[in-house]
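Since the structure comes first, as structure tokens, the remarks are kept for the end.
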Amino acid sequence: MKEPHPFLQKASPFMVRAPATWRKHWAAENTAANFATGPETLSEWSATFHETAERYPWLVARREGRVVGFAKASPHRARGAYRWTAEVSVYIHHELHGRGLGRALYDRLVPTLRAQGYVTLLAGITPPNPGSERLHAALGFVRCGTYHHAGWKFSRWHDVGYWELHLRRPDLPAETIVPVAEVWPKVHRWLSDSDGLEIRPAALASPDTASLIAALNRELSSMYPEPGATHFRLDESEVTGERGVFLLAHLAGEPAGCGAIRVVDEESAEVKRMFVAPRWRGLGISKRVLLALEEHALRLGVKRVVLETGERQSEALALYERNGYARIAPFGEYVDSPLSVCMGKRLAS
């Protein structure tokens, strides 16, 4: 019999009671994956929740009305420079391990933390724990170190391996951490039904467009400081009428990404200015914008889409390759640009 899908939501103070109850003795008495050596009281859990839940998300998974798992983030260290780093953990009822609940919870937790503005996530795993290690590796975490003989439990010493996941490029500046309540509804709605994203034409001079383009130009200038390595030019006349379009993606009303397409000849159109704000990366928005641009290219009557990206933009290269683009010879203004990577795709009518 197929198990029902879990219902995932932001935890409330009342919901903390369930994991506190089923973990109260089990974690202390049955596993070294958790370093608790005595019962964890509900008052301790409630106090931690109230101290951290505004800034760090607590999520729960419910099946048939019962809380069967939760995931949360917590501070790494107290000093101010650490505020963009969070530690993450996931706990599943011991009778339901191996059912995909941990992945389902992390698939909400990680995008929420990225949208808040966190940069680095850390997870501590007590080996041997191959299930947890596989889960974190599948999400992109890499092992970054080990604390040896860090905990004494069940009459022996245990190591703790630390795993890290970086949510933003290291050349981007830190941003203000946004409270959980501001981003969770947008992330949850988008991941639940994708209806929270609206993609529509916009003018290059609009304030929302200008803010995204400015962020894109700053990021590319930091990535490619060499003279002549960036190609920012795009005129309003190239993205209007029968010549092209500029699309702006709003996530629950907030400008989250953009992209443009301009006709270059009778057969081809070029994708330009593809960008998703760092807070909203990892949600699949760039793919949605790219598909919308391809659909518009077909309406313009072209049969082929080309683009230029850079050899240092591994995420962009992976996006285009996943969506059927292949490398082509440099064209137009990119012929003498050694850091450019040109790609193309024939469209199916």
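Tabulated data
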| read-out | value |
| --- | --- |
| Distance in nm between pseudo-label sites at Glu64 and Glu198 (7 Å out along the Cβ direction from Cα) | 4.1 |
| Pair His149, Asp107: separation of 7 Å Cα→Cβ label points (nm) | 4.3 |
| Total lysine pairs under 21 Å (Cα atoms) in the chain, excluding pairs fewer than 8 apart on one chain | 12 |
| Distance between modelled label sites at Arg346 and Ile328, nm, 7 Å Cα→Cβ extension | 1.1 |
| Efficiency of FRET from Cβ geometry, Leu291 and Arg77, R₀ 41 Å, rounded to 0.05 | 0.45 |
| Residue with peak Gaussian network fluctuation, the chain [Cα springs, cutoff 10 Å], from Arg143, Arg273, Arg322 | Arg322 |
| Gain upon complete extension [Leu42, His97; 0.36 nm per residue less C-alpha separation] | 17.5 nm |
| Choice from His149, His94, His231 showing the highest fluctuation, given a GNM over the chain with Cα pairs closer than 10 Å | His149 |
| Sorted by Cβ density within 10 Å, fewest first, the residues Trp184, Trp152 | Trp152, Trp184 |
| Other-chain or far-sequence residues with amide H under 5 Å of Val264's (modelled H) | Ala269, Glu270 |
| Debye, to nearest 20: dipole size of region 14-82, +1 on Lys, Arg Cβ, -1 on Asp, Glu Cβ | 180 |
| Gaussian network model of the chain, springs between alpha carbon atoms under 10 Å - residue of Val335, Val302, Val90 with greatest fluctuation | Val335 |
| Estimated FRET transfer efficiency (Thr31, Ile177; beta-carbon r; R0 25 Å; 0.05) | 0.20 |
| Loop-located GluC sites (Glu not before Pro) in region 262-294, at most 13 other Cβ atoms within 10 Å (DSSP) | Glu266, Glu267 |
| Ser206/Glu242 FRET efficiency (R0 22 Å; Cβ-Cβ; nearest 0.05) | 0.55 |
| Computed helical MRE - 222 nm, the chain, DSSP H runs ≥ 4 contributing -39500 (n - 2.57), nearest 500 | -9000 deg cm²/dmol |
| Region 276-300 residues near the modelled Val142 label - backbone nitrogen below 20 Å, point 7 Å along Cα→Cβ | 282 |
| Zero-based 10 Å bins, Cα pair distances in region 194-346, whole percents | 11, 43, 40, 7, 0 |
| Options Val276, Trp184, Phe331, ranked by Cα towards positive dipole end of the chain, top entry (Cβ charges) | Trp184 |
| Exposure proxy ranking, count of Cβ atoms within 10 Å, fewest first, for Ser314, Ser268, Ser132 | Ser314, Ser268, Ser132 |
| Given charges at beta-carbon only (K, R positive; D, E negative), |dipole| of region 58-110 in Debye | 160 |
| Extension reserve of the Trp157-His250 stretch, reckoned as 0.36 nm per residue once the Cα distance is removed | 28.4 nm |
| Ranked Phe232, Phe49, criterion: other C-beta atoms within 10 Å, fewest first | Phe232, Phe49 |
| Length added when fully stretched, Ser222-His50, from 0.36 nm per residue minus Cα-Cα | 58.0 nm |
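Since every read-out is calculated from the coordinates, none of them should be taken as a lab result. This structure is a prediction, so every number in the text was calculated from the model and none was measured. No Cβ is skipped: glycine too gets one built from the backbone with ideal geometry, and neighbour counts run over all protein chains shown.
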